[in-house]
1. Out of B:ASP921, B:ASP942, I need the residue that is assigned to a helix (DSSP H, G or I) and at pLDDT 90 or above. Which one?
2. Tell me which of these A:ALA303 doesn't satisfy, since it passes every other one: (1) at pLDDT 85 or above; (2) touching a Lys or Arg at 6+ places or on another chain (Cβ under 7 Å); (3) within 19 Å of A:ARG269 (Cβ to Cβ).
3. Show the residue pairs meeting these rules: Cβ distance below 7 Å; 6+ apart or different chains; first residue within region B:240-251 and more than 16 Å from B:LEU178 (Cα to Cα); second residue among the β-branched types (Val, Ile, Thr) and assigned to a loop (DSSP other than H, G, I, E, B).
4. Among the residues of region A:213-237, count how many are among the aliphatic types (A, V, I, L, M) and either within 41 Å of the chain's Cα centre (by Cα) or more than 7 Å from chain B (Cβ to nearest Cβ) (or both).
5. For region A:85-107, indicate whether the set of residues that are surrounded by 14 or more Cβ atoms within 10 Å (Cβ to Cβ) and in contact with a Cys (Cβ under 7 Å, 6 or more places away or on another chain) is non-empty.
6. I want to confirm something. Restricting to region B:190-221 and keeping residues that are within 12 Å of chain A (Cβ to nearest Cβ) and more than 20 Å from B:GLY430 (Cβ to Cβ), which single residue is surrounded by the fewest Cβ atoms within 10 Å (Cβ to Cβ)?
7. Here are the criteria: (1) free of Cβ contacts under 8 Å to residues at least 12 places away in the same chain; (2) within 14 Å of chain B (Cβ to nearest Cβ). Tell me which single one A:ALA79 does not satisfy.
Amino acid sequence: MRHKRSRPLPFTADLPFQPSARPVRQGPAPKRRFLTVRLPCFRLERHGWSPEDLVMLLEERQNKTIVVAVTPQAQAQGARVGMTASEARALVPELRGELVNDPADEAADLLSLAQAFTRLSPAVRPIGQDALAVELTGVPLKGGESGVLREALRLARSLGHVAVAVVSDEPLGGLALCSFGEADRVVPVGGLAEALAPLPIDALAPSPRLRERLTLLGLRRVGGLAALDAASVAGRFGEEGLRMHTLAQGRAPVDPPAPPPLAERVSARVSLPSPVESVEALLFALKPLCVRLGARLAALDLATARLQLHLELEDHPPLSLVARFGQPRRDPDDLIALLRRRLETLRLDAPATAIHLDALEVNKHTGQQRGLLDPHTVGGEPLGDLLARLTDALGEHAVFRPALQADHAPERAWCARPFHDRPRPEPPPPPGPSRPTLLWREPRPLVVRRNPEGRILSVQLESNAVVVNAAIGPERLCGGWWSPEPFDRDYHRVELADGRALWIFEDRVTGEFFAHGAWD
Amino acid sequence: MTSTAQRWVEPWATTAFSLLEGASMPEELVAAAAEQGLDAIGVADRDSVYGLVRAWKAARSTPNLAVLHGATLTVAATAGPPRELAVYAMDEAGWGDLCELLTRAHAETPKGEGLLRLGQLLDRQNGLVALAGADWARDGAAHTPELETLRETFGDRLYLCAARALRPDADAQNTRLLDALSRRLGCVVLASARPLMHSAARKRAQDVLTCVRLGLTIDNAGHHLQPNAERHLKGPAALGQLYADRPDWLKNGGAFAERVNFRLDQLKYHYPREIVPEGQSPMETLRDRVRAGMAWRYPEGVSDGLVHQIQHELALIEELDFPAYFLTVYDIVRFARERGILCQGRGSAANSLVCYALGVTSVDPAQQRLLFERFISRERAEPPDIDVDFEHERREEVIQYIYGRYGRHRAAMVNEIISYRPRSAVRDVGRAMGLSLDQVDRLAKDQDWWDSKGPKPERAASCGVDPNDPRVRLTLEITTEILGFPRHLSIHVGGFVISEEPLRERCPIEPAVMENRTVLQWDKDDIDAVNFVKVDVLALGILTAIRKCFDLCREHHGHDLDLASVPREDPFVYDMLCRADTLGVFQIESRAQQAMLPRLKPRSFYDLVVEVALVRPGPIQGGMVNPYLERRSGKVPILYAHPKLEPILERTLGVPIFQEQVMEMAMAVGGFAPGEADELRRAMGSARKRGGLERLVRRLVDNMEREGIARVYAEQVAKQIMGFGDYGFPESHAASFALLVYVSSYLRRYFPAAFAASLLNAQPMGFYPPRHILDDLRRHGVEVRPLDINRSCWDNTLEPDGRVSPLAGGKAGRVAEGVALRVGFRQVSGLGEASGRQIEESRRRGAYTGVGDLARRTGLRRDELMLLARADALRPFGLSRRQAAWAISGLYAGPLFAGLGHDDDDAPLPEATAFEELQQDWLSTGLSLDAHPLGLVRPRLDEQGVTRASDLGLYESGDVVEVAGVVVLRQRPSTASGVLFMTLEDETGLVNLVVWPKLYEAERRTIRHEPMLRARGRLQREGEAVSLLAQHFEPVDVGAVPTTSRDFR
């Protein structure tokens, strides 16, 4: 069985990310040119799969498991995007499936990748789920457009991605060529329409309804649509039709679809001039990073509830840690204070060479009421911050909010929820059967002596057997037959001669007894 | 310890007929109760008596167990959720109360739910005892005004019921409440386990059914599931242990059970009498009607034999007091005739001269030597069962007539319980088990339509579902467990019960989902068991087709026909049948029948009676087919195993083919009295459901052997009788069907265009889709004209073909000519009838001149116009499909662009290829007059050596050939030992294939799921009929042409 391989991180340059940057225009506007880079296996590669693997990525949609990406190897054997997982497995039984549901992280990764491509041009933006548009207009190109195309492919490869690329007048047209046509080429100025003409109409990504209407008219190729009169198309097929028609004619759509939100992930990075080992040195380097990050958040009117610190270590695997706030913040002092607390207990295995700071859980900034006298401390640490700090220190498994859960298995009748997962108001549950005040995490084996009628006479929990004064039961509970942990138990409340009250059960399958809890 | 006088009673059990709640069938609960030594079990399903007849019948074989007849009512409370109240009928009046209450409970609630207001309940309760649980105590306190009201009204007929389930807290709380209520109200408390299942092993199924009912998955069902498996039926020991502290509660059950005395055998039912004119008795009226009918049927006079027969029948009808029933059926048939609705009785009624005289049946019994005792017998003293077929499109008129005539309180249709079959079961269980929809879908679709034993784990992998996944394994196991459980309710195809007294006091009546229908809570087997009289008002598509064909013959060929006037015994019709040229003919168009026709070579009406009955499981499994054919062809002499059998078997050449013959044989050489022979008949009719036939058959075989009949022969007869247990025709039924076979054959032979148009206009019906009907018509030389916006009507129509004047056929083999068939708008997929008729209506003012004119005058929506464009119906405007679609979309251009004034009528749209045209044809109408997908790839198929269907005649029997085609039919008769019959269609015709089970299993996915196949096989020839014994299949890819196969059992 193949295992996922680790993928090099895309951060190779400490360049500012300027998605909206435009080259300075001098004289008459030059014809705009774009490099479109498509990474057909991007979604698989970011999960660590290579094109040779026999893998598909799956998403749950309306209770169906749908294939959203397949490796070329799987595709060669018949698996296709859009199939259900069962369909794909019926064709390729050994096909491995991985359920994915991280659109925000995926978009963030693509954004990070876009950042890497800013070495080719300052204006890079993601298009679609797996492609980047790099504006070349006015950018000095080493080796010309062909050179930058080759450089883009090399860069993608170096970052661990299979890529195809096209240079053309329009990035969406370039994407169509990358996806459905002949890629890795430079389409001459004004030649996009000709290049697009033989492509299937699907290359222009029509909505299903429009696709059906175009098919009825026999418009199966881009060229067929381009040949129609623009006004006729607009009248019949509205905005979407007109946009496709414009693109089919090799021109930029009047109203291109809005790019995906770029600010899903706000981050800052610094390469250290020399490796550092001490926390103080790290904090020194972190301070300007926090200032930059805070400024970026402020510029976007955002705040963060969670910071991820990523340290690249010399000759060691990178180290990541997360620190959280009780409520979203962006003040650089708050950011550095939080990191300071988190780093206090940290021991580095090797000197750090670079620091990357990511703002996770980014929300709209809602402001914060400060105290009048002391702007920084308001009568002690807020509960939220305290809980966040405890969670950072002890882990989510140790700091949680217990919640009721409808399950007949006593150990599953509650669950742990993170503090920040605020419950919806629910009506109080109906009174249920009495349960011990203390339910043990693991039932403890118990020796029970019974009389011939089955009455429990004594129990031996640790060393000595203790006489049972009274027993109430059995309460029979069974279920979970569909899960890996089925249960079928007879519970008894026993009052022992030493004053304790235990909740014990007999496993009806094995006949063994266990103590599961106690009353105070 | 309890005393020996203790009577053990489970007072409140729920069966699987409390839909998706109970997890055991009534028979299972009754059997378990008897086995565990209970004295009585109260069956009280939720708001219904759906399962009660089954429980009552099951209890007949357990004499020591009493089944208490009741139901659990859902009663609205003034505060809080509705409460459950079990009520039981103490006597017949109590049963009337119970039925009335259930009828009221369903009158205003959605299907499947019942709710009764307390006032409604108090209004009808004199004959009932009631059981209330501790949940009636409001807020956990013994204060309960509703219960006090019930106590005031019911008095000591109100009981309280404990329901312990090894939940100490709840049990103790309920015990306290019940004690308090008992003290306060003075009610007696009964002990119960409130079983939902007969055994704890059904807990899994009960959990899953709960999930299905609530629309949950097993993972999130939480506390909706029972906390343990204790809601199962408990015997004396377990009940004694459960209520060890309250032996008095256990003892109270005996006295309670003694009060509940009503059993369904006490139910009285009377047939209505109002169809009798004032001052006449029903018998007098019937005699009058029969007298008039005999004069109508036999205008040239009635023979002595017929007079004797009619007197015999009338005497028996009078003796058994059935005249009112015959008059009712007569009245229904009379109504249909007056409305011009074609109808014909089928089944054993065709044995009756009275039915023939009344016009209920159309086959002259005098010509058929039919057995009246098969229809009505003194020994049986059961009401006769008359089934009448009506045109399927007009049956609703007949149904509403019956409701109108007798009122909805006295007439209702019979229920049909829809049970879990593998496909529905795997869907519901899979969803409840949390499988994803695609997994469930693939598992469900993979279930073979003939399979009744549940999904096979080894096939799950081929669906892309891992059979080793625990969830999948559990899904398959539980699916098998719930097969046969009731899932939901429907309406029987046509069964009607009418009564003299209010029917709703005999059996609860519910409104059906279908508008203007009301149904009983019992199905047809239940109705039979309680001796209610049922009239089957059935729908038959071929009657619609025949009536429409008669209309077309009259209109276009000047030929006035009806069922009686179709010329009989026409040799040209039989010539056609001998060639198996029967596509569209009633009953004999299936693959198996077509294969039989060239072997049997029918030359008379009686041959058709035999043909219809011969290709049935009884004769096939009994091995009677080849002996009959060999005797018929003269290869084997006609011999009789016993001289007494000669008069019985003479007309079928010594081979028993019909049920009546088996009855007569049983009487002649099997030592059976007539009543016993009838018992044998009934056992044959119900063996598939209930068994019990073997004992009679063994006795018959022994007696035959004692009479000197060879054991081998007797065993063969026995085998056939067992086969009848699955499906077998009585001769009378075969004769009724044979008449329709003959009439439809005649119409097909002489009026092919009219017959084809009528078949199309009566769809859906028959084995073949419209495409095949039209292809067949064209092969018979009739022109088929395409859809035309200015010529087509909603129906498929006939129009002069311009060659010769339309001729009346039917003389000396001359086929009616001069007409072409014009395809109608009803063939356009997605177009509604109202729109189609609107096109016709608006066209009366002149032909449409263009797309705009059409849109303006008809008011059709854009999508409807697009359907017409897609169907190529706008070609008369000089527009191709694409140009028409372009023009239509231009009509709806947005206002922003309206002023541009751009003339874009001749937009440069690509021309459609032949394949694209074909694709659109099949998508929009399911048929193409120009091409066939196989024709488009024929050059490739030629290179591969694939033979055309039309060229199969060039090969010899035994040659191995390859064919290819669209799969149009898969049929797997239950009698064929797992053999699958398939039909492929190429551009030249149809190819029949036989697929052995081994090949099917080996190549199942291809055979079962691929729409187009290439098949290699060995050619078999039987007369003019050719088929291939398949050896190997491969899919054929010609692109995305939508095809569907009709798959049959």
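The values are calculated or read from the model by the stated rules, or taken from the named source; none is laboratory data. None of the values given here were measured: they were computed from a predicted structure. Every residue, glycine among them, receives a Cβ derived from its backbone with ideal geometry; neighbour counts consider all protein chains shown.
1. B:ASP942
2. (3)
3. Taking only residues 6 or more apart or on different chains, the pairs are B:GLY240/B:THR2.
4. Residues meeting the conditions: 9.
5. Taking every residue of region A:85-107 in turn, at least one turns out to be surrounded by 14 or more Cβ atoms within 10 Å (Cβ to Cβ) and in contact with a Cys (Cβ under 7 Å, 6 or more places away or on another chain).
6. That would be B:ALA201.
7. (1)
Per-residue answers, yes or no, for (1) surrounded by fewer than 21 Cβ atoms within 10 Å (Cβ to Cβ); (2) at pLDDT 85 or above; (3) acidic (Asp, Glu):
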site: B:ARG857; (1), (2), (3): yes, yes, no
site: B:LEU868; (1), (2), (3): no, yes, no
site: B:LEU874; (1), (2), (3): no, yes, no
site: B:LEU896; (1), (2), (3): yes, no, no
site: B:GLU916; (1), (2), (3): yes, no, yes
